[in-house]
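Enquirer: Starting off with a structure, shown below.
The values are calculated or read from the model by the stated rules, or taken from the named source; none is laboratory data. Everything numeric here is computed off the predicted structure, so don't read it as measured data. We place every Cβ from the backbone using ideal geometry, glycine too, and count neighbours over all the protein chains shown.
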Protein chains: 4
Amino acid sequence: MRKAFAEPFLLINFKTYLEATGKRAVELSQEIERVALDTGVKIGVAPQFCDIEQVANRVSLPVFAQHIDPVTPGAFTGHVLAESVRAAGAAGTILNHSERTLHLHDIEKALQHAREADLLTVACAGTAKLAAAISLAEPDMVAIEPPELIGSGRAVSKERPEIITDSVRKIRSVNSCVKILCGAGISTGEDVYAALKLGAEGVLVASGVVKASKPEDVVMDFCKAVRRYV
Amino acid sequence: MRKAFAEPFLLINFKTYLEATGKRAVELSQEIERVALDTGVKIGVAPQFCDIEQVANRVSLPVFAQHIDPVTPGAFTGHVLAESVRAAGAAGTILNHSERTLHLHDIEKALQHAREADLLTVACAGTAKLAAAISLAEPDMVAIEPPELIGSGRAVSKERPEIITDSVRKIRSVNSCVKILCGAGISTGEDVYAALKLGAEGVLVASGVVKASKPEDVVMDFCKAVRRYV
Amino acid sequence: MRKAFAEPFLLINFKTYLEATGKRAVELSQEIERVALDTGVKIGVAPQFCDIEQVANRVSLPVFAQHIDPVTPGAFTGHVLAESVRAAGAAGTILNHSERTLHLHDIEKALQHAREADLLTVACAGTAKLAAAISLAEPDMVAIEPPELIGSGRAVSKERPEIITDSVRKIRSVNSCVKILCGAGISTGEDVYAALKLGAEGVLVASGVVKASKPEDVVMDFCKAVRRYV
Amino acid sequence: MRKAFAEPFLLINFKTYLEATGKRAVELSQEIERVALDTGVKIGVAPQFCDIEQVANRVSLPVFAQHIDPVTPGAFTGHVLAESVRAAGAAGTILNHSERTLHLHDIEKALQHAREADLLTVACAGTAKLAAAISLAEPDMVAIEPPELIGSGRAVSKERPEIITDSVRKIRSVNSCVKILCGAGISTGEDVYAALKLGAEGVLVASGVVKASKPEDVVMDFCKAVRRYV
């Protein structure tokens with residue numbers, strides 16, 4: 001097992017929000033890049049499949065797919081191939097997001113395909129127990145997101161801090177080096193700071209940034225919290 | 001109901017073949033475009049999601065997605081949004097391919113999302129009865145592909161001509177203007193000619209072109225058959 | 001195509017309600033049987049899989065499965081085989097209920113397996129268009145249930161009568177003999193009467209009976225409405 | 001965590017084999033019961049849903065469902081409710097069989113529903129890594145079955161002994177008391193003996209018994225191997 005990288009990591013998931021589709025995916029990524037360059041904080045973006053190539057061509061941030069399918073090259077019409085995502089310029093992929101869950105055995109397959117295509121992996125789970133279980137399959141990062149808080153504006157790190165500490169403990173008992181992110185409801189620098197304080201090594205965030213009236217300001221607030229913490 | 005367009009149509013599905021992934025998707029599309037311009041035959045290409053944007057930017061052919069999900073803009077991580085496909089430059093989408101089937105009610109939803117995003121639709125079905133059923137949901141085109149012949153090299157128009165004639169009859173009894181394609185095993189101009197003769201108004205083809213040693217020659221053979229027929 | 005039977009038909013779906021699980025499935029079926037015998041109205045019951053055998057052994061009503069899988073005898077752990085349902089005493093099966101939808105091509109397969117196992121079929125659809133589409137696959141009965149009214153207590157026959165008339169028209173244009181049921185929100189004899197008046201030939205009902213404080217009274221109310229209509 | 005029970009356990013999965021459907025499920029269970037009583041070996045049977053009740057009524061063996069759905073009592077037409085399986089007389093349930101896999105988060109939910117309904121759980125996995133992952137969710141038993149050997153007649157304990165030893169090691173590093181079964185290709189007493197020798201505490205078997213010309217003899221052969229081992 002390798003450690004993905006050491007510093008705190010912010011991963012911004014564009015989901016299928018219109019505010020982050022097509023040209024707006026590129027523009028939002030450029031705003032985020034400015035903050036990353038200003039503050040030196042490591043940030044990744046996860047646009048929709050059709051936008052990966054143009055985003056990867058226009059910004060220096062690591063780009064993540066939101067999902068890949070557990071398929072090999074061949075006759076799989078309409079599926080998302082690890083190699084295709086990689087060829088478009090992605091550095092990694094999210095897997096098993098609560099909005100795009102996978103069968104357990106497909107998680108192992110998809111992780112293997114991702115590794116073979118040289119993609120970093122962020123495997124998601126909704127509970128501490130499942131986060132530990134998925135860590136046994138050795139993704140590069142694991143993201144805890146209690147589904148009931150996703151998109152709620154109530155941050156997991158404030159509302160349910162024990163989920164993070166419990167997850168960190170359970171994950172570390174089976175995997176010493178997977179990078180641990182947390183997410184759900186994160187919308188302020190305070191939320192990010194609280195998450196890092198509880199043992200998370202980064203955050204996964206979506207609507208808190210994408211649906212904000214000034215996304216750049218929110219990301220700046222997040223990055224200042226990271227700087228303050230480190 | 002509107003008629004998509006009058007002339008015979010060749011739709012080339014790139015599936016997740018490595019031969020048609022990334023740069024090779026662009027190159028293959030450019031080869032196909034040369035034949036289309038030379039012969040005046042209407043051809044569409046269906047690359048993987050991540051390649052739609054670059055293909056649409058580089059060739060004048062209509063580009064189709066291989067699938068869209070029945071979702072609206074919002075919190076649908078890892079899904080394929082009609083608007084995203086459209087923003088990347090696609091003119092249409094395949095739906096319910098036998099390698100990416102949909103629940104019946106999702107077909108109706110996806111067709112509606114496609115229409116709202118101004119995408120042409122090619123709904124696939126494996127039997128004459130299902131082709132008629134799906135035609136009631138009013139896609140722009142319907143494609144009959146008996147799953148057992150897909151990728152077989154044995155052309156539906158030669159091996160099972162009665163499936164095409166039966167499909168045409170059943171479809172026309174419920175929908176007078178949906179464009180009728182057929183596919184599965186098509187690999188020569190003769191196969192294409194036979195399909196048109198049986199009442200198909202175009203073909204859907206994948207490995208017959210993508211896995212050919214000289215795809216451009218195969219497409220030229222197809223187009224000559226179309227010219228001979230018209 | 002054969003006509004299932006001529007008279008109006010009430011099909012009572014037990015879903016996974018505890019009020020209709022195990023012994024209570026048998027007791028509820030016996031109450032319903034008393035009303036059926038008293039009034040001469042044709043009623044079917046659809047208990048959970050595990051209850052089919054004991055219900056079929058204890059009452060003379062036709063028993064329906066709530067679903068079958070599109071599988072053949074063999075290595076399909078955890079699936080519901082048509083022959084198994086039949087061997088337990090079922091006379092028919094519901095298919096594609098909005099709570100257990102099927103891929104389009106699986107509907108055709110499951111209908112065929114059901115016919116081969118001599119099971120009557122009730123195929124469900126949520127819209128008039130889909131009801132017509134599914135009728136092309138020739139189930140014995142089709143049930144229109146707008147998902148938004150299921151379990152609502154607001155009857156489709158009162159709230160959205162045009163869905164029933166439109167469905168009847170669209171279905172009859174492609175299939176002259178499939179028996180047409182409607183459902184969603186049906187909870188009084190008035191609702192049943194209205195449904196029959198609009199052209200439905202029966203109703204599919206669940207919570208309106210199963211969750212009622214006196215199911216027997218509700219079923220009696222339904223049956224009186226049928227008698228009044230016929 | 002509790003230990004399910006101490007002695008070796010044979011679980012016989014009837015799948016959807018016609019040889020074990022309806023009356024033949026009862027007869028096969030009675031044959032198996034005779035061997036269990038003769039030899040004192042603990043054996044469970046897993047018939048189809050529709051047969052659970054009659055099998056449980058006729059034999060004293062613990063009966064397992066082949067699957068339950070992660071649903072609660074309510075509006076879940078066509079689903080398999082833990083309480084229903086329990087009410088029919090089942091003592092437990094298989095979960096996540098390779099022929100009926102579950103999304104990771106549904107495994108956790110289904111395990112919880114099973115526990116609440118007082119059902120023993122046998123969670124299946126195809127690899128050592130996944131077997132360990134699923135053990136973190138604390139089923140009563142875990143069954144390793146490499147999918148490529150299922151139904152092959154080539155026993156996992158003979159063909160791939162290292163999968164069993166590796167699984168036992170990985171599972172025990174995260175869960176000290178889950179009972180470990182193995183399966184796939186088991187068809188002789190030798191296969192059973194080899195499995196127990198490698199650290200398995202029981203076997204999961206299907207075609208090796210159900211499709212045998214004399215199932216009773218095969219089960220007797222298995223039981224003698226257990227007796228020899230213990």
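Enquirer: Within region A:149-168, is even one residue in contact with a helix residue (DSSP H, G or I) (Cβ under 9 Å, 6 or more places away or on another chain), within 19 Å of D:LYS170 (Cα to Cα) and surrounded by 24 or more Cβ atoms within 10 Å (Cβ to Cβ)?
Expert: No, every residue in region A:149-168 fails to be in contact with a helix residue (DSSP H, G or I) (Cβ under 9 Å, 6 or more places away or on another chain), within 19 Å of D:LYS170 (Cα to Cα) and surrounded by 24 or more Cβ atoms within 10 Å (Cβ to Cβ).
Enquirer: Among the candidates A:LYS23, A:LYS42, A:LYS15, A:LYS3, which residue alone is among the charged types (D, E, K, R) and at pLDDT below 95?
Expert: On the way: A:LYS23 fails: at pLDDT below 95; A:LYS42 fails: at pLDDT below 95; A:LYS15 fails: at pLDDT below 95.
None of the other options fit; the residue is A:LYS3.
Enquirer: For region B:184-217, what are the residues that are crowded, with 24+ Cβ neighbours inside 10 Å, under 16 Å from B:ALA20 (Cβ atoms) and touching a helix residue (DSSP H, G or I) at 6+ places or on another chain (Cβ under 7 Å)?
Expert: B:GLY208, B:VAL209
Enquirer: If C:SER60 satisfies all but one of (1) at pLDDT 95 or above; (2) surrounded by 17 or more Cβ atoms within 10 Å (Cβ to Cβ), what's the number of the condition it fails?
Expert: (2)
Enquirer: Within region D:108-134, take every residue that is more than 15 Å from the chain's Cα centre (by Cα) and polar (S, T, N, Q) and give me the one that is nearest to the other protein chains (Cβ to nearest Cβ).
Expert: Per the stated criteria, the residue is D:THR127.
Enquirer: Of all residues in region C:17-43, how many are within 28 Å of C:ARG115 (Cα to Cα), within 14 Å of chain D (Cβ to nearest Cβ) and among the basic types (Lys, Arg)?
Expert: Adding up the residues that qualify gives 0.
Enquirer: Moving to a separate point now. Output the strands (runs of 3 or more DSSP E) that fall wholly within region A:108-208 and possess 1 or more residues being free of Cβ contacts under 8 Å to residues at least 40 places away in the same chain and of a type in the set (Ser, Thr, Tyr), or say none. Walk me through it before giving the result.
Expert: Values: elements: A:120-125, A:141-144, A:179-183, A:202-205.
Output list reads A:120-125.
Enquirer: Here's something else I'd like to know. Could you check region A:1-87 for helices (runs of 4 or more DSSP H) lying wholly inside it with 3 or more residues that are touching a residue at least 12 places away in the same chain (Cβ under 8 Å) and more than 16 Å from B:SER84 (Cβ to Cβ)? Write out each step before concluding.
Expert: Details: elements: A:23-39, A:52-58, A:82-87.
Where helices (runs of 4 or more DSSP H) fall fully within region A:1-87 and carry at least 3 residues being touching a residue at least 12 places away in the same chain (Cβ under 8 Å) and more than 16 Å from B:SER84 (Cβ to Cβ), they are A:23-39, A:82-87.
Enquirer: I need the full set of residues from region D:90-107 which are more than 9 Å from chain C (Cβ to nearest Cβ), in a loop (DSSP other than H, G, I, E, B) and hydroxyl-bearing (Ser, Thr, Tyr), in order please.
Expert: D:THR101
Enquirer: Just the residues that are in contact with a strand residue (DSSP E or B) (Cβ under 8 Å, 6 or more places away or on another chain), among the small types (Gly, Ala, Ser) and facing another protein chain (nearest Cβ under 7 Å), please, taken from region C:47-87.
Expert: Correct list: C:GLY74, C:ALA75, C:GLY78, C:SER84.
Enquirer: Considering only region A:30-61, state which residues are of a type in the set (S, T, N, Q), in contact with a Leu (Cβ under 9 Å, 6 or more places away or on another chain) and over 17 Å from A:LYS15 (Cβ atoms).
Expert: Taking region A:30-61 and keeping what is of a type in the set (S, T, N, Q), we get A:30, A:39, A:48, A:54, A:57, A:60.
Filter once more, keeping what is in contact with a Leu (Cβ under 9 Å, 6 or more places away or on another chain): A:48, A:60.
If the condition is that a residue be of a type in the set (S, T, N, Q), in contact with a Leu (Cβ under 9 Å, 6 or more places away or on another chain) and over 17 Å from A:LYS15 (Cβ atoms), then A:SER60 is the only one that fits.
Enquirer: Quick test of your reading of the structure: D:PHE14 fulfils all but one of (1) more than 14 Å from chain C (Cβ to nearest Cβ); (2) touching an Asp or Glu at 6+ places or on another chain (Cβ under 9 Å). Name the failing condition by number.
Expert: The number of the failed condition is (1).
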